[in-house]
Amino acid sequence: MAVALAGVLVAGTAVVTVWRTSAARSPGRAVVAAPVTAREAGPVTTWELLAGLPDRLLPPATPTALPTDRAVGRGALLYQINDPDVVDVTGGLPRWPMYLVTASGEQFGVGLADIAGSRQALSPDGRWFAERRDGQWRIRDLTGITERAVPPGYELRKWSTDGRALLLGQPSGASEAYAALTLPDGQLRPLALRGTPNRRMLAFLDGRELATAEFNVGPKIRPQRQLTIAIQDVDGGTARSVSLATTQEVGPGDLRNALVPLVRGGGDPPAVWALVIEDEVPTGLPEGARAEPPMTLVGVDLRSGRPAGRIDLVVPQGGGGEYFVGLAGTEVLLQRFTTGGSELVVADPATGRRRVLTSLPDLTRVSLPGD
């Protein structure tokens, strides 16, 4: 469920953005409880959650801990920053401070988390905040004070696309038993469908269907011409499939069969988008220039099976570049790095046009609702 760091492993070669400098903190601000109205109980889109982001997002000078005795309103995103004054390097991976930003623009500190970002997550509608504490997952309703404990032995696998359920996994030998946790009432329901090795979960469609695809990774990975996505009823009933072509035409007669190391599912209508990277890096570059392969995002609508679009990314170079971080409606969210910092950007698959949602400090990792 975590967002990968700004880097992609391609045929054994790491493409990584290098963190540069520390970011200044924003002045402290008074924390005022946002009123929780009846509207907050209804469907909320990702765009509504992101609409309240400030032009520039900076950590507060004096972070306020997420209160447990009152509602704070729905979450818009989570972010981590490599603050050398706070980072914890004990016990393995560095642990960076994590902040929750609400739809109204308030910020709360939610502790330290390792740079893999695997211990906190927001539901697609921003209502539920998942956090792993003391070896157990806990799910907090941000529009109230209810907190649910996930039964021991279960791990979080996927939010449902409607934000009303969580798919949980319980390892059992070579496979995995699944259960659905209904968030409004806390009911746990075992599912007939089981997980199998080499199949990656891409989307949990409205708590009723699971979209998966088979991946083989490692030194012997081969380019894939097509990604076949199986969509099966979680109770073991009907199954269907859609296909995502990963052979892309760069120019007339210039085709490449691509690797697909990074795939995300979500959005509205639900879709799967894959990062397509040329199998071979460019040649004939000037001496000392770093060769980066072209990067393209391609998508498929999981309901209709029709293409959802294509976006050519800015290739990482000189500390810059664009990285796939999530989905919002029919559009794609990117984190764009520049020499002066980074930005959270939305890209329109129909036109390729970008618009900036907020600017971010250097050293920032963003996690969006539904990750």
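The values are calculated or read from the model by the stated rules, or taken from the named source; none is laboratory data. None of these values were measured; they are calculated from a predicted model. A quick note on method: Cβ atoms are made from the backbone with ideal geometry, for glycine too, and the neighbour counts reach across all protein chains shown. SASA here: full protein model, heavy atoms, side chains in, ligands and nucleic acids out. Shrake-Rupley method; radii C 1.70, N 1.55, O 1.52, S 1.80 Å.
Filter the stretch 300-342 for residues that are of a type in the set (Asp, Glu) and more than 14 Å from Gly267 (Cβ to Cβ); which is most open to solvent (accessible area, probe 1.4 Å)? Walk me through it before giving the result.
At the first step, the residues of the stretch 300-342 found to be of a type in the set (Asp, Glu) are 301, 312, 322, 331.
With the extra rule that they be more than 14 Å from Gly267 (Cβ to Cβ), the set shrinks to 312, 322.
On the way: Asp312: 82, Glu322: 3 Å².
Only one residue fits best here, namely Asp312.
Of the residues in the stretch 154-181, how many are open to solvent by 50 Å² or more (accessible area, probe 1.4 Å) and of a type outside the set (Lys, Arg)? Lay out the reasoning, then the answer.
Going through the stretch 154-181, the residues open to solvent by 50 Å² or more (accessible area, probe 1.4 Å) turn out to be 155, 157, 162, 164, 170-174.
Narrowing the set further to residues that are of a type outside the set (Lys, Arg) leaves 155, 162, 170-174.
Residues that pass the stated criteria total 7.
Can you say whether Asp125 is out of contact with any strand residue (DSSP E or B) (no Cβ under 6 Å at 6 or more places or on another chain), of a type in the set (Asp, Glu) and on the phi > 0 side of the Ramachandran plot, as far as the supplied structure shows? Please lay out each step first, then the result.
Values: out of contact with any strand residue (DSSP E or B) (no Cβ under 6 Å at 6 or more places or on another chain): yes; of a type in the set (Asp, Glu): yes; on the phi > 0 side of the Ramachandran plot: no.
Criteria not met by Asp125.
If Gly163 satisfies every condition in (1) farther than 22 Å from Ser118 by Cα; (2) at pLDDT 90 or above but one, which is the exception?
The number of the failed condition is (1).
Sort through Pro294, Pro369 and tell me the only one that's more than 18 Å from the chain's Cα centre (by Cα), surrounded by 15 or more Cβ atoms within 10 Å (Cβ to Cβ) and touching a residue at least 24 places away in the same chain (Cβ under 8 Å). First the steps, then the outcome.
Details: Pro369 fails: more than 18 Å from the chain's Cα centre (by Cα).
Within the list Pro294, Pro369, the selection yields Pro294.
Run down Leu181, Leu191, Leu156, Leu166 and say which single residue is part of a strand (DSSP E or B) and either small (Gly, Ala, Ser) or within 21 Å of Ala239 (Cβ to Cβ) (or both). Walk me through how you get there before you give the answer.
Values: Leu181 fails: either small (Gly, Ala, Ser) or within 21 Å of Ala239 (Cβ to Cβ) (or both); Leu156 fails: either small (Gly, Ala, Ser) or within 21 Å of Ala239 (Cβ to Cβ) (or both); Leu166 fails: either small (Gly, Ala, Ser) or within 21 Å of Ala239 (Cβ to Cβ) (or both).
Leu191 is the lone residue from the list that is part of a strand (DSSP E or B) and either small (Gly, Ala, Ser) or within 21 Å of Ala239 (Cβ to Cβ) (or both).
Can you tell which of Val298, Val332, Val356 is among the aliphatic types (A, V, I, L, M), closer than 24 Å to Gly163 by Cα and not in a loop (DSSP other than H, G, I, E, B)?
On the way: Val298 fails: closer than 24 Å to Gly163 by Cα; Val356 fails: closer than 24 Å to Gly163 by Cα.
Answer to the selection: Val332.
Just to be sure I understand, how many residues within the stretch 260-286 are outside any strand (DSSP E or B) and either at pLDDT 75 or above or out of contact with any strand residue (DSSP E or B) (no Cβ under 7 Å at 6 or more places or on another chain) (or both)? Show your work before the answer.
To start, the set of residues in the stretch 260-286 that are outside any strand (DSSP E or B) comprises 267-270, 279-286.
Going one step further and asking which of them are either at pLDDT 75 or above or out of contact with any strand residue (DSSP E or B) (no Cβ under 7 Å at 6 or more places or on another chain) (or both), we end up with 267-270, 280-286.
Residues in the stretch 260-286 being outside any strand (DSSP E or B) and either at pLDDT 75 or above or out of contact with any strand residue (DSSP E or B) (no Cβ under 7 Å at 6 or more places or on another chain) (or both): 11 in total.
If Gly126 satisfies every condition in (1) open to solvent by 10 Å² or more (accessible area, probe 1.4 Å); (2) part of a loop (DSSP other than H, G, I, E, B) but one, which is the exception?
All conditions are met except number (1).
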